[in-house]
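Participant: Below is one structure. I have some questions about it.
The values are calculated or read from the model by the stated rules, or taken from the named source; none is laboratory data. Here the structure is a predicted model, which is why all the values come from computation and not from measurement. Cβ atoms come from the backbone with ideal geometry, glycine included; neighbour counts cover every protein chain shown.
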Amino acid sequence: MKNRYFCTIIRMILHRLYIIFLLCSLALPATHLRAENGKFTVVIDPGHGGRDPGALGRRGKEKNINLNVALKLGKLIQNNCKDVNVVYTRQKDVFVPLDRRAQIANNAKADLFISIHTNSVARGRTVRGTETYTLGLHRTDDNLEVAKKENGVILIESDYQQRYAGFNPNSAESYIIFEFLQDKNMENSVQLATLIQKQFKSTAKRIDKGVHQAGFLVLRETTMPGVLVELGYISTPDEERYLLTEAGTDALALSIYRAFANYKQHNAASPGKPLGTFVGTQAKPTPKPKAEASSTPRKEAPKRETESDKPVFKIQILTSDKKLASKNKQFKGLSPVGYYQEKGIYKYTYGESTDYNKVLRTKRQIASKFKGAFIIAFKNGKKVNVNEAIKEFKNNR
């Protein structure tokens, strides 16, 4: 028993070291690594395959639906986007481990990763619609269950405990790691996910179940923006029928393609877009008093920095693709909560002050509720580099 306990402790230490290494890599500047031919590279990942069938319906298997849509999507991109290099994690019915899928994307120096899956629920439940996930902390039990199901594929790998640093897809405790991840690709990932859901609704006429975050291993291991798409519910008879038709898979592939094309066009057209503008409540600058009329010339007093010229520090607690009500349960009772927008993404903040130390203390107070929260800075209503803002705060003390 002592030896087994000692081995468990060693695995936990190695796991923590891996997290530290991962966080260090996330702190590096985000750069778009292009393939040697200079083309935009997208990796398409048909989930499951081979000895792993995925979710099962009455007539169909998830692995086949995923592959069918993935190949159609790849063909649409290749036929219409000559400047794009398409890479697949599989093009036939074979089993590919999750870490190998991520490795394929990383080795290709991909600009985008799209993982395609089909959803299911337990017997007795009827659910319909499409949803798209990005990497993050699951905020609901339903999101956690989806992540457990998709990550559960590692259990058929004989060495999964060593390969995934002791990660147990069925243990909620293993997902604590996702509390520590501040994904540098989150903004672009949510942007693509939002575009995909809009196209599913308008092009394929599917029920929109929205954009969500959850802890998916295949997304955690990739170094580029990525999404995991759930095409529909194979466990619901009418959805399964749709997913097994050529018309259905054509419409789903076309939806993802149109979202991809919009995403690529938007990001290629505005590579140097300025940082987002704050939208939430913020104090207005104090109006300067009017100068009194005088015939005697006076020396102009040296210009002093006013309170409104100083950086304002805030705590970013979460992001969303849509505007949330002020008493939304995701805020966990915090009030008032502000927000700002960047590239169509709502980013919610709590607390604000020109005193960095005060905001830092507040961040520590809410750490139990929002472990992934971090401090950002604004100046004159514009988001600025927080490190520069901290330097300015220290210099003005």
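Participant: Among G129, G124, which is surrounded by fewer than 23 Cβ atoms within 10 Å (Cβ to Cβ), in the same structural domain as I77 (by TED's automatic domain parsing) and under 21 Å from the mean Cα position of the chain (by Cα)?
Facilitator: Numbers: G124 fails: under 21 Å from the mean Cα position of the chain (by Cα).
On inspection, the qualifying residue turns out to be G129.
Participant: Sticking with this one: Every residue in segment 89-119 that is part of a helix (DSSP H, G or I) and in contact (Cβ under 8 Å) with a residue 24 or more places away in the chain, please. Please lay out each step first, then the result.
Facilitator: Quick first cut of segment 89-119, residues part of a helix (DSSP H, G or I) only: 98-107.
The answer is L98, D99, R101, A102, Q103, I104, A105, N106.
Participant: Take segment 81-111 and flag every residue that is over 14 Å from T41 (Cα atoms) and over 25 Å from the mean Cα position of the chain (by Cα).
Facilitator: Within segment 81-111, Q91, K92, D93, V94, F95 meet the criteria.
Participant: Then there's this: On the basis of being closer than 15 Å to S115 by Cβ, buried (at least 21 other Cβ atoms within 10 Å of the Cβ) and modelled with pLDDT under 55, does A147 make the cut? Reasoning before the result, please.
Facilitator: Values: closer than 15 Å to S115 by Cβ: yes; buried (at least 21 other Cβ atoms within 10 Å of the Cβ): yes; modelled with pLDDT under 55: yes.
Here the answer is yes, as A147 does meet what is asked.
Participant: Moving on. Taking the stated definitions as given, is V218 closer than 27 Å to R128 by Cα, aliphatic (A, V, I, L, M), at pLDDT 85 or above and assigned by TED's automatic domain parsing to the domain that holds Q265? Let's see the steps before the verdict.
Facilitator: On the way: closer than 27 Å to R128 by Cα: yes; aliphatic (A, V, I, L, M): yes; at pLDDT 85 or above: no; assigned by TED's automatic domain parsing to the domain that holds Q265: yes.
No.
Participant: Is it true that Y350 is within 18 Å of E187 (Cβ to Cβ), in contact (Cβ under 8 Å) with a residue 12 or more places away in the chain and not assigned by TED's automatic domain parsing to the domain that holds T132? Break it down into steps so the answer makes sense when it comes.
Facilitator: Values: within 18 Å of E187 (Cβ to Cβ): no; in contact (Cβ under 8 Å) with a residue 12 or more places away in the chain: yes; not assigned by TED's automatic domain parsing to the domain that holds T132: yes.
The answer is no for Y350.
Participant: Could you pull out the residue among Y350, Y339, Y346 that is assigned to a strand (DSSP E or B), surrounded by 12 or more Cβ atoms within 10 Å (Cβ to Cβ) and at pLDDT below 90? Give the derivation first.
Facilitator: Numbers: Y350 fails: at pLDDT below 90; Y339 fails: at pLDDT below 90.
Going through Y350, Y339, Y346 in turn, the sole match is Y346.
Participant: Additional query: Return the only residue of K363, K314 being of a type outside the set (V, I, T) and assigned to a helix (DSSP H, G or I). Walk me through it before giving the result.
Facilitator: Values: K314 fails: assigned to a helix (DSSP H, G or I).
Just a single option satisfies the conditions, and that option is K363.
Every residue, every condition in (1) of a type in the set (A, V, I, L, M, F, W, C); (2) at pLDDT below 95; (3) closer than 17 Å to A253 by Cα; (4) part of a helix (DSSP H, G or I), yes or no:
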{"site": "H32", "(1), (2), (3), (4)": "no, yes, no, no"}
{"site": "A35", "(1), (2), (3), (4)": "yes, yes, no, no"}
{"site": "I44", "(1), (2), (3), (4)": "yes, no, yes, no"}
{"site": "G54", "(1), (2), (3), (4)": "no, yes, no, no"}
{"site": "I65", "(1), (2), (3), (4)": "yes, no, yes, yes"}
{"site": "L73", "(1), (2), (3), (4)": "yes, no, yes, yes"}
{"site": "I77", "(1), (2), (3), (4)": "yes, no, yes, yes"}
{"site": "K82", "(1), (2), (3), (4)": "no, yes, no, no"}
{"site": "V87", "(1), (2), (3), (4)": "yes, no, yes, no"}
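Participant: Oh, and also: Does K61 satisfy the criteria of being at pLDDT 95 or above, loosely packed, with under 14 Cβ neighbours inside 10 Å, in the same structural domain as Y257 (by TED's automatic domain parsing) and farther than 18 Å from I256 by Cα?
Facilitator: Details: at pLDDT 95 or above: yes; loosely packed, with under 14 Cβ neighbours inside 10 Å: no; in the same structural domain as Y257 (by TED's automatic domain parsing): yes; farther than 18 Å from I256 by Cα: yes.
So K61 does not fit the description; no.
Participant: Only one of these conditions is not met by K358: (1) at pLDDT 90 or above; (2) closer than 30 Å to N188 by Cβ. Which number is it?
Facilitator: (2)
Participant: Something else: Is there any pair linking a residue in segment 374-397 that is among the charged types (D, E, K, R) to one that is surrounded by fewer than 14 Cβ atoms within 10 Å (Cβ to Cβ) and at pLDDT below 85, with Cβ under 6 Å and at least six apart or on different chains, and which?
Facilitator: Filtered contacts from segment 374-397: K383/L275.
Participant: I've got another one for you. Checking Q191 against (1) modelled with pLDDT under 85; (2) not in a loop (DSSP other than H, G, I, E, B), which single condition isn't satisfied?
Facilitator: It fails just one condition, (1).
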